[in-house]
Structures are given as structure tokens and as C-alpha cells.
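Right, one structure below, let's go through it.
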Amino acid sequence: MKKQLLILCLCFTIQLVYSQDSAAKLNDSAMDIYKSDPNKALEILERALKISEEKNDKELIAKSKNNKGIVFRDLGRFEDAKALSQEALIVNDSLILASAHNNIGVVNRNLGLYDEALSSYIKALSIYEAKRMDRQIATTHNAIGLVYSYNGINDKAIEYHLKAKTSFEKLDDKKGISEVYNNIAIIYANDGDLDKALDYFKYSLEIEEGLDDKKGMAESVNNVGAVYYYMDDIDSALVYFNRSATIEKSIGNFAGVAASYNNIADVLMSSGKTDNSKTYIDSAYYYANNSKASTDIEGALINYSIYYENKNKLKKAISYHKQLAQFRDSTLNIETNARIAKLDIEFQTEKKEKEILAQRADLAEKELSLNKKNTQLIGLAVIASLLIFLGYLFYNQQRLKNRQLQKENELKDALLKIETQNRLQEQRLRISRDLHDNIGAQLTFIISSIDNLKYGFDIKDKKLTNKLETISEFTTSTIYELRDTIWAMNKTEISLEDLQSRISNFIDKADLASDGVDFDFRSNASEIGDLKFSSVEGMNIYRIIQESINNALKYSEAKHIKVDFSLEKSALLFQILDDGKGFDIANTLMGNGINNMKKRAHDIGADIDVSSKIDKGTKVVLKMNHS
């Protein structure tokens, strides 16, 4: 009887181990194929979860639920994905917890909950760093970069993407490298450097095709289409967007389908095919609402308002404008950026405090070990050597204390510096938020009020109409200048590359607004090197160049305007030249524009020279010493 009982117990144990092993293997096999066949992966994970629940194995239950959440996330079922990963947070297994926090972070990012996304990513990153898991650390750095990129904090975004890129290259992780290039390309596209963006997106697509990753292929194809659209290559854009929609449908990713349909509708309307766009907008709005993808819901609302404006159904257009404003207010505002910055500051401060505690513990441990050795030597030494040893001990302890005090002082200085930087950053954020929320909102209200007057009343007085348009244009210009100021305020320093990009964008806008004027922008910034300006210097340089171009457009009747950055010996030169009618400097009363340029140059310790001859054009040279 005992023998039979023993055999039964042994069989039960073997069955239990086999079931656990089977559930674990099912999880592994599902995650190996979920990118290429997500529906098959879900079937396998459902079997794994059933086995785990029958055996009441909490860790395997949590792992199976979190893996289902990851697959749901890739299919655009964000609410289901988030709920499953949150259920997985009940276990003590740190790797399952890290994976669940990471998946919740991705879902929150797609839902527009950026501060919550960053909080989840930081929790996952802390676990991965403690375990020194390089691949997971790189993936999380890349994800954190995306949160900053979505909120327009590009310097922090690039910082985290480059961290991830370095790690992925060391690991030879092609999928990771593809994602990093894709994310960096998005930043280039947002900054207006479309050629670079297209190269990076195509390189990412090539890697995804080699990996046969349907999800990655769909994203890269969609991004290539977007760049072609911005380049006005409409036919290529439609080809890539339709290809993206086909791939997303094949894997059941409805959020991706919504994004692709939004893009197709946008292309059709911009190319004058408004009637054909309505079906795509309806489909995009349907799929976006089902997946609760905030970016795609917003895109569909924008397309609806444009569609009805083009169809001259103004009440409908205004209705969708209002829906869009309400939706944006609920998902993204300046306070979100402030909370993200605060979370990052808290994370960095916590890491510093841990380093301080670790160093103090290490010093205390070394001192204790030294005292024990000294005590043993005292017991064995003779009276003569005892006095010498005591003297050495006193000297050595004093030296250790001095070192400890020195390191503690250095750490205190570092903490004080961090706190000072944090306070400065908080002040910048508060001031820029006030500018945006108060002045920016008031200017936007003025423009909206003027538009309402124009569309709401049948104004037949042409002078009044022209006056309203002049006020609207002036207010819009003021908003752009306010954004430039906020841009400079939010940076502790401005690189030459940042300045060049900003000026290039301004020239592009001026070129579009000015008929009959050719612009030529040249820079040997790559030869100058990684030059940094303070925010005050960068803003003043930008305003001087802006004022020079505006003067040329308003008064010179020029056909060509050239802007040139160059380095001559130890001086950095910014030159603005035009071939206009010029003026006699000696007999012309200088206006506020030129006087303001001279004052700005004086404020940053630069020299400015304005030279002009009748019918020979005008030349403005700003010279700054560079070491």
C-alpha cells in the first residue's frame, strides 16, 4: 500500500513539473512568433494561462497574462493590454514586473498619458539596471526617448535614443538598431530635414524586411510614405500608405490601420481629391475609437474639419474643430511636459542619493576592515613596535577621515548643483507655461474672434476686411515670435546646429510667402564643430538674422537674398546679403530695426556692420569671437 502511494505521489510530482514546464515553453514559443503571427501566439498563450491557472502557479499566470498584454498592445487593443499587464504586477518576480511596467508604459504612451508612461518606464529601467540587462536597458532608453519626442523635448529624446543606439550596436541587435533609426528619423522629419529622415526610415525598413517583422515593416512603410508626402511626391506617398494599411490589416493592428487611413485621407484632400477622402476618414475614426489611440482620433477629427471646410459646410467644420479642441485639452498640455520633467529630475536625484549611500557604506566597510587588522597586529607586536603602530594607525585613520570628508563635500556640491539646475528648469517651465497659457491663449482668441467675424458676418467693406486680415496676420506673426522665445527659454544652451535648423525653417517660410525672391542659405557648420551658445546669445543671433531678412523683403526690392555662416580664423561670421536698391547710410535716418540689431549685438559682445550702396544692395555682417 505504501509502495502504491509512493508511486502515485511520484506521478503527481512528475505531472506537476511537466505542466509547469509545458506552460513555460508555451509562453516562450508564443513570444517567438507573436510579431509574425499574433493570432496564433494568442491561442498558445491562452493554453499556457489555462494550465497555469489549473496548477495555481501565480508566477506563470502573471507571465502568461503579461505576454497576452504585449500581443494585444501590438494589435492596438490598448485598454485590454494595460489591464492584463496590471494584473501581472501582483508577483514578486522582478523580471515579470519589469516587463509588465514596460508594457504599461508603451500602452500609456499610445493613449497619450505621457507622464504615466514615463513613470512606468522608470520603474522597469530601475529593475533592468539592477540586474545589468543591457538589451532591456537599451530598449527602455529608446522608449523613454519616444515620450520626450512626442512632447517636443527633442534634446532629451535624442540623448536617450543615442544611449540606446550605442547599446544595440554592441549587442548586434538589428531590431533595436532599426527602432532607434526610426525614432531619430521622426525627430529629423519634425525638424524639417526630410532627406535625412527618408534615409533613416528606408534603412529601418530594410532591416525590418530582413527580419520579416510585419509590425515593424508596417511602421517603417508608413513613415516612408509620410516623408514622401511632405516632399510633395503624392503618388509615392499613396503607394506606401496603402501598403502600410494592408500589412496592419493582415496582423489585426487596428490602431495602425487607423493611422494609415488618416494619412491616405490627408494626401487625397491636399491633392484636391476631397470627395474620395471621406470613406478613409470614416474608417480611420472607427478604427481609432475602437483601439482608443489618441493620436489617430485627433488626426481623424482634424481631417473631418478640413473635409467639411473644403465642402463649404462651415457649421460641420466648426463642430469638429470644437471636438478637436476638447480632445486635445484632455490629452496633452504644457503641464504634462512639466510633470514629465519633474519625474525625470526625481529619478536622477534618486540615483545620485543611492550612489552617495553606496560610497559611504563602502568607506565604512573599508575602515572597519582596517581596524580589525590593526587590532590583530597590536596583539602580536612588541612594546617598541606598538608605539610606532599606534602612531601609524592614528595617521591612517586621519587620512581616511579627510578623504571621506572630501568626498562628502564633493557629493554635497554635486547635489547642490543639481538642485540649482532643477530650480532653474522649474522657473523656465513656469515662465514658458505662463507665456503659453496667458499671452498665447489671448492671441489665439484674437485670431479666432477675427475669423468668426469674417465667417459669421457678411462684411462688404473691403477696407474693413483688409484691416481684419492685417490684424490676424500680425497676431499670427506675434504667436510665432512668442514660440521662438519659449523655444529659447526652454534650453540651457543652443547648439549651432539648432540655430541653423531654426533659421532654415524661417527662410523656408519666408520663401513660401515671397514671390520673385530667391533665397540661398549656406553654412560650413560641420567644419566649425560642436559650438554651443547660451539661450540669450542664440536668441539674439536669431533675431538679428530675422530682422535683416525682413528688412530686405520689405524695403530693398531684392531678387536674391543670401544667408551665410562661416568661420574665419577665430571669428564666427553671420552674413546677410541682398541685391536690392540699397540706401545711402550717411544721409538716411536709421530706424528702430537697425538700432535694435546693434543693441542685440552689443548685449552678446558681438560686432555688427551694416553696409549699403544705392543700386548695389545691402550687406549685414555679425561677427562673434570663437575659441
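The values are calculated or read from the model by the stated rules, or taken from the named source; none is laboratory data. In this text, all values refer to a predicted model and were calculated from it rather than measured experimentally. Glycine gets a Cβ as well: all are built from the backbone with ideal geometry, and neighbour counts include every protein chain shown. Note: areas computed on protein heavy atoms with side chains; ligands, DNA, RNA excluded. Shrake-Rupley method; radii C 1.70, N 1.55, O 1.52, S 1.80 Å.
For a quick check of your reading of the model, give me the residue pairs whose first member lies in segment 294-323 and is touching a residue at least 12 places away in the same chain (Cβ under 8 Å), whose second is outside any helix (DSSP H, G or I) and open to solvent by less than 50 Å² (accessible area, probe 1.4 Å), with beta-carbon atoms closer than 8 Å and at least 6 apart or on different chains.
Close Cβ pairs (under 8 Å, with a partner that is outside any helix (DSSP H, G or I) and open to solvent by less than 50 Å² (accessible area, probe 1.4 Å)) amount to 294/111; 294/112; 295/112.
So which of 69, 76 ends up being over 24 Å from residue 133 (Cβ atoms), buried (at least 23 other Cβ atoms within 10 Å of the Cβ) and either in contact with an Asp or Glu (Cβ under 7 Å, 6 or more places away or on another chain) or touching a residue at least 12 places away in the same chain (Cβ under 8 Å) (or both)?
From the options 69, 76, the qualifying one is 76.
What are the pairs with Cβ atoms under 8 angstrom where one residue, in segment 233-258, is in contact (Cβ under 8 Å) with a residue 12 or more places away in the chain and among the acidic types (Asp, Glu) and the other, located anywhere, is open to solvent by 70 Å² or more (accessible area, probe 1.4 Å) and assigned to a helix (DSSP H, G or I)? Sequence gap at least six, or different chains.
These pairs meet every condition: 248/254.
Failed condition for residue 343, given (1) at pLDDT below 75; (2) more than 28 Å from residue 140 (Cβ to Cβ); (3) aliphatic (A, V, I, L, M); (4) open to solvent by less than 80 Å² (accessible area, probe 1.4 Å), with all others met?
If we test residue 343 against (1) at pLDDT below 75; (2) more than 28 Å from residue 140 (Cβ to Cβ); (3) aliphatic (A, V, I, L, M); (4) open to solvent by less than 80 Å² (accessible area, probe 1.4 Å), just (2) comes out false.
Residue by residue through segment 603-623, note down the ones that are assigned to a strand (DSSP E or B), over 17 Å from residue 552 (Cβ atoms) and either at pLDDT below 90 or touching an Asp or Glu at 6+ places or on another chain (Cβ under 9 Å) (or both).
Across segment 603-623, the qualifying residue is only 623.
Specify which of the listed residues (240, 230, 287, 307) is over 22 Å from residue 81 (Cα atoms), of a type outside the set (S, T, N, Q) and in contact with a Phe, Trp or Tyr (Cβ under 8 Å, 6 or more places away or on another chain).
240
Select from segment 496-523 the residues that are part of a helix (DSSP H, G or I) and more than 17 Å from residue 155 (Cβ to Cβ) and list them in ascending order.
503, 504, 506, 507, 508, 509, 510, 511, 512, 513, listed by residue number.
Conditions (1) under 37 Å from the mean Cα position of the chain (by Cα); (2) at pLDDT 90 or above; (3) part of a helix (DSSP H, G or I), marked per residue:
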residue: 21; (1), (2), (3): no, no, yes
residue: 56; (1), (2), (3): no, yes, no
residue: 66; (1), (2), (3): yes, yes, yes
residue: 79; (1), (2), (3): yes, yes, yes
residue: 98; (1), (2), (3): yes, yes, yes
residue: 112; (1), (2), (3): yes, no, no
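Of (1) open to solvent by less than 40 Å² (accessible area, probe 1.4 Å); (2) under 19 Å from residue 180 (Cα atoms), residue 100 satisfies all except one. Which?
(2)
Quick check on segment 206-261: of everything there that is farther than 23 Å from residue 191 by Cβ and aromatic (Phe, Trp, Tyr), which residue is least open to solvent (accessible area, probe 1.4 Å)?
Ranking the candidates gives 261 first.
Consider only pairs whose beta carbons are under 8 Å apart and that are at least six residues apart or on different chains; among these, list those whose first residue lies in segment 100-122 and is in contact (Cβ under 8 Å) with a residue 40 or more places away in the chain and acidic (Asp, Glu) and whose second residue is in a helix (DSSP H, G or I) and open to solvent by less than 20 Å² (accessible area, probe 1.4 Å).
Close Cβ pairs (under 8 Å, with a partner that is in a helix (DSSP H, G or I) and open to solvent by less than 20 Å² (accessible area, probe 1.4 Å)) amount to 115/336; 115/340.
Considering each residue of segment 166-205, count those that are open to solvent by less than 70 Å² (accessible area, probe 1.4 Å) and either on the phi > 0 side of the Ramachandran plot or of a type in the set (Phe, Trp, Tyr) (or both), and give that number.
The number of residues fulfilling the criteria is 6.
Of all residues in segment 607-623, count the ones that are touching a residue at least 60 places away in the same chain (Cβ under 8 Å) and of a type in the set (A, V, I, L, M, F, W, C).
Here the count works out to 3.
When you check residue 158 against the structure, is it assigned to a helix (DSSP H, G or I) and in contact with a His (Cβ under 8 Å, 6 or more places away or on another chain), yes or no?
Spelling it out, it is not the case that residue 158 is assigned to a helix (DSSP H, G or I) and in contact with a His (Cβ under 8 Å, 6 or more places away or on another chain).
If I ask for residues that are small (Gly, Ala, Ser), part of a loop (DSSP other than H, G, I, E, B) and crowded, with 18+ Cβ neighbours inside 10 Å, which ones from segment 553-602 would you list?
Listed by number, the residues that qualify are 558, 580, 582.
If a residue must be within 16 Å of the chain's Cα centre (by Cα) and open to solvent by 20 Å² or more (accessible area, probe 1.4 Å), how many such residues does segment 118-139 contain?
Going through segment 118-139 one residue at a time, the tally reaches 3.
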